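See below for the structure under consideration.
Bear in mind that the values in this text are calculations on the coordinates, not laboratory data. Note that the coordinates shown come from a computational prediction; the quantities given were computed from them, not determined experimentally. Positions of Cβ are generated from backbone atoms using ideal geometry, with glycine treated the same way; all protein chains shown enter the neighbour counts.
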Amino acid sequence: MSKSPSPAQTPSNATESVTGDLAEAGAGSGSAAEAGVGSEPKRTRRGRPGYDRETLINKATEVFVSRGYDGTSMDTVARELGITKSAIYHHVKSKEELLRLAINRGTDALASAVESESHRQDLSALERLRHAVHSSVLILIEYHHSVTLLLRVRGNSAVERDALEQRRQIDMKIRALVTAAIEEGGVRADFPPGLVTRLLFGMVNSITEWYRPGYPVDPETIAEAVTAMAFNGLAE
């Protein structure tokens, strides 16, 4: 059942609004009829673009990666985004909070994936490790800038130290999977688990150095290639 238009939507009221405005500007009533009876003039928003919280974090992460966190002020972030500092402070309290939110996107996704794969009961330790590596590559690509920030922090602030601790926890879970795979006989035992873990994720983390959006190979193929080379080598 169709609804009756509200008074603000009726052609007669719209006409009165339009003709009234034009009359005040010195235009004739004939021009008012030609101006578009039944619709109000479309208003365009002027000024600088606005950002919601998620978009702000995405854009700020890109700026931190391109300019370096320590060398980036909130003035720089605002200028790069084309907004005012007050618009940024509407969403976050400080640059440190913005860094925390930027890094947590990648660490939360990585921690969740590794945790999930670690506790699968239907797979051997080797297969769980393989799935964890595969998922980590996909997450690194999806949260490319966030993971890049994670790998660059040096512990210069409380936020950076927290990020390093999160990274250590993820590394420990991967090392536990490597150890379990060695004990099951799925991974060679002549190398220490810590070394295997570093070499394995050295390959994964290196993606941040060369991958860029628009890369000609799709993420799934990259993940398959890394996993295959890590566990099967280059031999046919």
| request: Would you check if E224 is under 23 Å from the mean Cα position of the chain (by Cα) and farther than 30 Å from K95 by Cα? | output: yes
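Go through the stretch 56-87 residue by residue and tally those that are under 24 Å from E142 (Cβ atoms) and not basic (K, R).
Here is the first cut: in the stretch 56-87, the ones under 24 Å from E142 (Cβ atoms) are 56-69, 72, 77, 80-81.
Next cut, not basic (K, R) only: 56-58, 60-66, 68-69, 72, 77, 80-81.
Total satisfying the criteria: 16.
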| Could you say which residue among S146, S136 is touching a Lys or Arg at 6+ places or on another chain (Cβ under 6 Å), among the small types (G, A, S) and surrounded by 20 or more Cβ atoms within 10 Å (Cβ to Cβ)? | S146
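Mind checking which helices (runs of 4 or more DSSP H) fall wholly inside the stretch 159-236 and carry at least 3 residues that are surrounded by 16 or more Cβ atoms within 10 Å (Cβ to Cβ)? Even if it seems obvious, please write down each step before you answer.
Working: elements: 193-205, 207-210, 219-232.
Of the helices (runs of 4 or more DSSP H) lying wholly inside the stretch 159-236, those with at least 3 residues that are surrounded by 16 or more Cβ atoms within 10 Å (Cβ to Cβ) span 193-205, 219-232.
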| said: Name the residue that is nearest to the chain's Cα centre (by Cα), counting only residues in the stretch 149-167 that are touching a residue at least 40 places away in the same chain (Cβ under 8 Å) and closer than 18 Å to V114 by Cα. | reply: L150
| remark: In the stretch 69-87, residues that are under 16 Å from L99 (Cα atoms), free of Cβ contacts under 8 Å to residues at least 60 places away in the same chain and not in a helix (DSSP H, G or I) total 3
